[in-house]
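Read through the structure below, which is laid out as structure tokens, and then see the notes.
The values are calculated or read from the model by the stated rules, or taken from the named source; none is laboratory data. Computed from a predicted structure; not experimentally measured. Every residue, glycine among them, receives a Cβ derived from its backbone with ideal geometry; neighbour counts consider all protein chains shown.
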Amino acid sequence: MATPLPGDGLLFGAAYYAEYHTSDRTELDLDLMRAANFTVIRVGESVWSTWEPRDGEFDLDWLQPVLDGAHARGIHVILGTPTYAVPPWLQQAYPEIAAETSTGSPMPWGARQEVDYSHPAFLFHAERVIRKVVERYADHPAVIGYQVDNEPGMLLPHNRGTFRRFVRRLKAQYGDVETLNREWGLTYWSHRLADFSELWTPDGNSLPQYDLAWRRYQADLTTEFISWQADIVREYARPEQFVTTCIAYPRPALDDRTLTENLDIAAGNPYYAMQDHLALGEALPPATPWTTSGVPGLLRQADRIFSSRQARFLVTETNAQSIGGSAFNLPPYPGQLKQAAYAFVARGAAMIEYWHWHTLPYGTETYWGGILPHSLVPGRVYRELSEVGADFRDLGPALDGYEPNADVAVLWSTPSRFALDFFPALAKEDGSPDSASYERIFDATYRGVIEAGAEARILHVEQAEALGAEELARRFPVLIAAGLYVADDAQLDLLRAYAHAGGHLIVGIRTGYGDEEARARVETAPARLAEAAGVSYEEFSNLAAPLGLDGAARLGLSGGARATAWADGLIPDGAEVLATYDHPRFRDFAAATTQTYGAGRITVLGTVPSPELAADIVRYAVPSPRSRAYLESADPSVTVASGTLADGSVALFAFNWSDRPVTVTATAAMREAVGGSAHHAGDEIALAPWGALALLA
């Protein structure tokens with residue numbers, strides 16, 4: 001497998017589009033990048049119509065000065081394939097390649113990714129331009145890797161050919177129509193099929209089993225498309241060059257685990273709101289669909305990228321200034337760019353690239369702020385990122401073999417995300433179904449890990465299966481399974497076996513309720529776990545307003561601990577009650593229980609926890625996070641992340657997510673990774689407002 005690093009170190013840079021300038025300033029830009037300690041740029045992926053201005057006419061030499069200039073300054077290059085931005089001539093020649101957002105309704109041209117990328121006409125022209133571009137520059141010494149396409153999986157194409165291939169897939173999977181009728185429950189509302197040709201298109205579908213199959217199929221189309229591109233690129237790539245794609249994780253037609261299986265490294269585009277959105281404990285609503293709010297949201301994005309391959313990753317895009325359009329302007333407070341960069345590295349990033357080098361004077365992304373402002377005169381953002389680049393230059397070689405540590409593993413289930421998108425469990429404030437139910441359930445427990453001062457690792461359910469119960473319990477003493485609605489018997493049995501092997505399993509709502517087809521299980525809930533957990537439930541309710549809780553002393557409830565959005569009516573059968581609902585009816589039930597099982601323990605939480613309740617549950621399971629063996633702080637604005645290096649030593653990252661200076665206390669000997677200042681056990685270490693510090697113990 002190719003390595004993303006051309007040597008020891010961290011890659012640091014930006015997406016660079018010299019072709020977007022209104023005048024030639026390539027040499028000046030590259031000089032400024034070198035002065036800012038850049039080591040990498042990404043080029044070429046957005047301009048198919050520049051590479052191929054007319055059908056079969058290629059202009060391939062325009063990028064040469066950028067690559068030559070970068071190489072002369074010691075800056076590496078990631079070359080992109082331009083397949084996500086279809087040129088006008090191709091749209092006109094083959095209008096049938098337009099992706100249909102519903103059957104017979106093509107997406108209008110004028111944006112990007114409007115194409116059905118399984119269409120043969122599109123694939124023919126895409127392959128041709130990929131081969132031309134990669135063949136032209138594969139031997140250039142500046143090129144260290146390739147990004148194929150860009151943020152794939154944006155649409156769920158309903159094109160006729162796409163649907164026909166879906167029907168063929170169902171035939172191959174189920175064998176005969178009677179099996180499909182049985183597995184999907186098509187007796188319901190007279191949906192029984194006499195032949196596969198009778199299957200209706202997805203537009204009016206109301207059946208969750210159909211929708212889950214459709215979403216799985218769409219994700220597989222995305223995986224196949226990216227893998228197809230990667231295979232083409234590898235025909236030209238040198239052995240040391242890597243192949244990746246950049247992932248926008250909220251995309252609807254995406255399974256990041258399978259998408260990255262045929263890539264050399266995972267790469268993602270974490271965007272986040274800045275200023276007060278990065279105050280620890282804040283719960284400001286996200287400002288755009290593609291940005292998170294809050295410190296846990298920032299860290300969760302990084303952990304999701306790591307989870308794709310359970311390995312270090314690349315940040316191919318992140319914000320230097322505001323990213324979100326002309327009405328969204330939140331430039332970072334001083335120090336926040338360094339904080340975010342260090343946070344990504346602490347969670348496993350081997351590269352940070354910003355979107356993008358210069359703010360554009362035209363186009364959709366006119367106010368997507370780059371490192372340089374519209375004036376193109378370097379300012380505060382450039383100066384701050386130059387300092388981050390200098391830190392990375394010194395820090396990178398010290399992180400050889402770095403792997404982020406974890407106190408808690410949190411399970412991720414892409415099929416459950418698909419199922420709860422179509423059949424939401426939770427409601428919005430106005431009572432309408434919330435298609436983001438899975439993310440709400442997942443994020444509530446993940447946030448609890450961060451605000452309890454612990455460290456998280458996100459594991460796809462399939463990755464947990466590959467480890468097996470014994471290894472899972474050895475590596476991760478606490479495992480959270482919340483919202484695991486779509487799961488087969490073996491996956492639920494793995495959870496039970498994990499606890500029996502010595503792990504502490506925390507079961508959240510909807511886990512163990514559905515099977516692999518998103519059918520409600522005809523058995524006691526939580527299925528295959530109730531007896532081991534010593535608790536079950538028959539009733540569940542949405543909550544229009546948060547409920548207070550009465551807690552056992554063992555749990556130690558915080559003042560703000562609340563049950564929100566949902567209440568399972570837990571009925572203990574041997575389990576110890578940790579909390580009950582403060583409500584005239586629901587007080588008859590438990591809200592949280594715990595019971596030993598084998599060498600481990602199963603705790604069941606019957607609600608979507610408030611941040612305080614989620615942190616209480618994690619503190620109960622993890623009374624002493626591993627980072628406290630090195631650093632301690634009583635300040636609520638401080639978080640600590642850690643990782644293990646190749647030689648077994650530990651790297652630590654301390655963060656102050658506030659506008660006031662704070663201190664942390666060393667509980668072991670260590671030195672600062674940048675500058676080398678030594679600290680001894682008992683020393684207080686200063687953190688500036690919005691400060692971040694890397695240490696080696």
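Within segment 293-310, being under 12 Å from residue 273 (Cβ atoms) and aliphatic (A, V, I, L, M) holds for 295, 298. Every test in (1) farther than 22 Å from residue 225 by Cα; (2) touching a Cys at 6+ places or on another chain (Cβ under 9 Å) is passed by residue 63 save one, and that test is (2). Being closer than 27 Å to residue 394 by Cβ, out of contact with any strand residue (DSSP E or B) (no Cβ under 6 Å at 6 or more places or on another chain) and not small (Gly, Ala, Ser), is that true of even one residue in segment 51-72? Yes. Screening segment 171-221 for residues that are surrounded by 13 or more Cβ atoms within 10 Å (Cβ to Cβ) and of a type in the set (Val, Ile, Thr) and picking the one that is nearest to the chain's Cα centre (by Cα) gives 201.
Is it the case that some residue within segment 19-28 is closer than 30 Å to residue 159 by Cα and polar (S, T, N, Q)? No, the conditions are met nowhere in segment 19-28.
May I ask you to list the residues in segment 576-610 that are without any contact (Cβ under 8 Å) to a residue 60 or more places away in the chain, in a loop (DSSP other than H, G, I, E, B) and either crowded, with 24+ Cβ neighbours inside 10 Å or touching a Phe, Trp or Tyr at 6+ places or on another chain (Cβ under 7 Å) (or both)? 589, the sole residue that qualifies. Scanning segment 378-404 for residues that are within 14 Å of residue 35 (Cα to Cα) and out of contact with any helix residue (DSSP H, G or I) (no Cβ under 8 Å at 6 or more places or on another chain) yields 379, 383, 389, 390, 393. From the set of residues in segment 99-125 that are within 28 Å of the chain's Cα centre (by Cα) and assigned to a strand (DSSP E or B), which is surrounded by the most Cβ atoms within 10 Å (Cβ to Cβ)? The qualifying residue surrounded by the most Cβ atoms within 10 Å (Cβ to Cβ) is 115.
Can you give me the number of residues within segment 327-343 that are of a type in the set (A, V, I, L, M, F, W, C) and more than 22 Å from residue 391 (Cα to Cα)? Quick ask: steps written out before the conclusion?
Going residue by residue through segment 327-343, those that are of a type in the set (A, V, I, L, M, F, W, C) are 327-328, 330, 337, 340-341, 343.
Among the residues that remain, those that are also more than 22 Å from residue 391 (Cα to Cα) are: 327-328, 330.
Residues flagged as of a type in the set (A, V, I, L, M, F, W, C) and more than 22 Å from residue 391 (Cα to Cα) within segment 327-343 amount to 3.
Selection over segment 649-697 of residues that are on the phi < 0 side of the Ramachandran plot, part of a loop (DSSP other than H, G, I, E, B) and not β-branched (Val, Ile, Thr) gives a count of 16.
Taking the criterion of being free of Cβ contacts under 8 Å to residues at least 12 places away in the same chain and among the aromatic types (Phe, Trp, Tyr), the only residue of segment 351-394 that qualifies is 362.
Suppose we filter segment 97-114 for residues that are among the charged types (D, E, K, R), in contact with a His (Cβ under 7 Å, 6 or more places away or on another chain) and closer than 17 Å to residue 149 by Cα; how many remain? Break it down into steps so the answer makes sense when it comes.
We begin by selecting, within segment 97-114, every residue among the charged types (D, E, K, R); these are 100, 112, 114.
Subsequent filtering for residues that are in contact with a His (Cβ under 7 Å, 6 or more places away or on another chain) retains 100.
Checking which are closer than 17 Å to residue 149 by Cα leaves us with none.
Counting residues in segment 97-114 that are among the charged types (D, E, K, R), in contact with a His (Cβ under 7 Å, 6 or more places away or on another chain) and closer than 17 Å to residue 149 by Cα gives 0.
Applying the criterion of being touching a helix residue (DSSP H, G or I) at 6+ places or on another chain (Cβ under 9 Å) and of a type in the set (Gly, Ala, Ser) to the residues of segment 524-545, the residue that is surrounded by the most Cβ atoms within 10 Å (Cβ to Cβ) is 533. The one condition from (1) touching a helix residue (DSSP H, G or I) at 6+ places or on another chain (Cβ under 7 Å); (2) surrounded by fewer than 22 Cβ atoms within 10 Å (Cβ to Cβ); (3) part of a loop (DSSP other than H, G, I, E, B) that residue 23 does not meet is (1).
Restricting 615, 565 to those that are in a strand (DSSP E or B) and either of a type in the set (Asp, Glu) or crowded, with 17+ Cβ neighbours inside 10 Å (or both) reduces the list to 565. The helices (runs of 4 or more DSSP H) falling completely within segment 149-237 that include 2 or more residues that are within 30 Å of residue 263 (Cβ to Cβ) map to 160-174, 208-234. Summed over segment 222-242, residues that are surrounded by fewer than 20 Cβ atoms within 10 Å (Cβ to Cβ) and of a type in the set (Phe, Trp, Tyr) total 2.
Name the residue, out of 554, 601, that is in the same structural domain as residue 484 (by TED's automatic domain parsing), modelled with pLDDT under 95 and closer than 28 Å to residue 474 by Cβ. Can you show your working first?
Values: 601 fails: modelled with pLDDT under 95.
Of 554, 601, the one residue that is in the same structural domain as residue 484 (by TED's automatic domain parsing), modelled with pLDDT under 95 and closer than 28 Å to residue 474 by Cβ is 554.
Checked against (1) within 21 Å of residue 655 (Cβ to Cβ); (2) surrounded by fewer than 23 Cβ atoms within 10 Å (Cβ to Cβ); (3) within 19 Å of the chain's Cα centre (by Cα), residue 288 passes all but a single condition, namely (1).
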